[in-house]
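The values are calculated or read from the model by the stated rules, or taken from the named source; none is laboratory data. Keep in mind that what you see is a predicted model, and the values were worked out from it rather than measured. When we count neighbours, we look across all protein chains shown, and the Cβ atoms used for this are built from the backbone with ideal geometry, even at glycine.
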């Protein structure tokens with residue numbers, strides 16, 4: 001993956017509703033109707049958010065007849081967390097401005 005891919009993932013998670021959807025999907029696959037019950041949004045609005053999460057690569061959708069089942073793309077999530085965790089290693093603490101404020 002390149003930085004453009006990581007930026008798309010971060011941008012997708014930058015919306016509070018999409019971040020909440022991500023957190024719901026951490027507990028397992030969810031049908032769109034179950035996700036919709038957790039938010040005060042219309043079905044088209046949920047669909048918009050799901051398309052953004054899918055386009056980022058963080059979420060996958062499987063169709064089961066007329067039902068859409070969403071789950072996290074664990075490989076993509078692990079790659080993103082690995083990328084982010086390497087950006088502030090303990091050897092970088094001397095150059096980290098926020099660390100010196102504490």
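Count of the stretch 14-56 residues, restricted to those that are under 15 Å from residue 77 (Cβ atoms), in a loop (DSSP other than H, G, I, E, B) and without any contact (Cβ under 8 Å) to a residue 40 or more places away in the chain, is 1. Take residue 10 and tell me if it is under 22 Å from residue 79 (Cα atoms), modelled with pLDDT of 95 or more and in a helix (DSSP H, G or I). Yes: the conditions hold for residue 10. Looking at this structure, is residue 60 touching a strand residue (DSSP E or B) at 6+ places or on another chain (Cβ under 9 Å) and modelled with pLDDT of 90 or more? Judged against the criteria, residue 60 is a match.
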